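See below for the structure under consideration.
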Amino acid sequence: MKTRIFLAMLASAAALGLATAPASAQTVKIGVINTMTGPQSNIGVNNDMGMRLYMKLNEDKLPPGVKVELVVRDDGGANPDKAKQLAQELIVRDKVQILTGFGITSNAMSVAPLTAETRVPMAIMNAAASVITTRSPYVARFSFTLWQSSYPLGQWAAKKYKRAYIAVTDYAPGHDCEEAFEKGFREGGGEIVGKTRMPLVTLDFVPYMQRAKDAKPEVLFAFVPAGRFALQIIKAYGDVGLDKAGIKFIGPGDITTDEELPAMGDVPIGVTTVHHYSAAADRPANKAFVAAWKKEYGDKIGPSFMGVGGWDAMDAIYYAIREQKGKIDPDRTMELWKNYKNPNSPRGPISIDPETRDIVQNEYLREVRKVGGQTANVELEIVGTAVKDPWKEFNKKK
Ligand code: DHB
């Protein structure tokens, strides 16, 4: 649906007293758009589990008498038109006061401009291409950017290796990884010996791994979205024998995402990544989070960075509700989010950069190791403290 038609719909809804009717102070309506089905359902499912766990354990953080109502919609995967249509319905018909979820960049990109037109605050739980937050002043991100992990990883890798090959999924998050890693690696004196971009629909990474092997790099840097893609690229790395050829595998933490590790077997042992969250981290806040998750959901699917994205975004939403005693004003909500801080997230201290509305957090160097008979992303060191999105730092208006 074209924006013009949508605005006309809004105007007529307003004339009928629909869209502008003051929301009850007692119930805050939150629209959740996420990927709950299809090959990327791991994102929505894990975001959702983190979000609901937060809500269950933190009812007392809402003002007395104030309730939260979720209106959940499934975008089914990368489908910007569908995500936009769902957002329009949630805003006009369901009159949600806040939008959240957003696992996939292309979907978040199509919804962001609507939030500027309608002044509905949007809290991103996962989508990670740097550019998204520049598309509307009503967007804040509580997840991560791929520049935050891939740029420091490039700098780290240049100290150990001279020749790297880059393989990324061919959409905005992959392009960010490619650019960020290449910048960090080249600045450190490294050489890129080859590159490939892989279509978002493919789960067969064997031809790409073969190409990487033929280029004879010392190290392969790869990004694919977490979930089934990550499982398949790790398998292909092993099947094509890059490990036996002595080619080290590195990437942002998406490629060894915690919830897929049990299905990956021993292949990823030794894979080095940079990321903002590991389920194996021994911070007390993380230990409490993982224990609460296991108590609620059992051992079948552990928490991942997406679970924490859901948890932290919900904490920021509850904070905005609390500070406004349940009466959501869009501009006040954005002011509160711009100044949001949590020294004690499961991932460590986090805050929002008031200038960009993007997350500020630590980045950890991790290696997949066996811990107590199971593989885990073991944090080795902090490679960046309170890291702002590097892409925005490098592209600041002078
Ligand atoms: C995005 C999706 C992912 O599954 C992931 O691991 C990273 C980024 C995205 O579309 O923004």
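A few comments on the model shown:
- As for the range 34-54, it holds no residue that is among the basic types (K, R), modelled with pLDDT under 95 and more than 16 Å from the ligand (Cβ to nearest atom).
- 2 or more residues buried (at least 21 other Cβ atoms within 10 Å of the Cβ): qualifying strands (runs of 3 or more DSSP E) within the range 323-398: 348-353, 358-371, 374-387
- Matching residues in the range 175-194 - criterion: being away from the ligand (no atom under 16 Å from the Cβ), small (G, A, S) and not in a strand (DSSP E or B): G184, G188, G189, G190
- Screening L200 on (1) farther than 21 Å from W391 by Cα; (2) within 13 Å of the ligand (Cβ to nearest atom); (3) assigned to a helix (DSSP H, G or I) shows it passes everything except condition (3).
- When P268 is tested against (1) under 30 Å from M122 (Cα atoms); (2) in contact with a Ser or Thr (Cβ under 9 Å, 6 or more places away or on another chain), only condition (1) is not met.
- Candidates G270, G302: the one that is modelled with pLDDT of 95 or more and part of a loop (DSSP other than H, G, I, E, B) is G270.
- Of all residues making up the range 284-299, the number that are closer than 19 Å to Q374 by Cβ and either part of a helix (DSSP H, G or I) or touching a residue at least 12 places away in the same chain (Cβ under 8 Å) (or both): 9
- In the range 8-33, residue farthest from the ligand (Cβ to nearest atom) [restricted to those that are at pLDDT 55 or above and surrounded by fewer than 16 Cβ atoms within 10 Å (Cβ to Cβ)]: Q26
- Considering the range 98-114, and only residues there that are surrounded by fewer than 24 Cβ atoms within 10 Å (Cβ to Cβ) and polar (S, T, N, Q), the residue that is farthest from the ligand (Cβ to nearest atom) turns out to be S110.
- Residues within the range 204-237 that are touching a Gly at 6+ places or on another chain (Cβ under 8 Å) and either over 17 Å from T273 (Cα atoms) or assigned to a helix (DSSP H, G or I) (or both), tallied: 5
- Boolean, A123 is free of Cβ contacts under 8 Å to residues at least 24 places away in the same chain and touching a Ser or Thr at 6+ places or on another chain (Cβ under 8 Å): no
- Test: P207 is closer than 30 Å to M122 by Cα, more than 16 Å from the ligand (Cβ to nearest atom) and surrounded by fewer than 24 Cβ atoms within 10 Å (Cβ to Cβ): no
The values are calculated or read from the model by the stated rules, or taken from the named source; none is laboratory data. The shown structure was predicted, so the numbers you read here are calculated from the model rather than taken from an experiment. All Cβ positions, glycine included, derive from the backbone under ideal geometry; neighbour counts span all protein chains shown.
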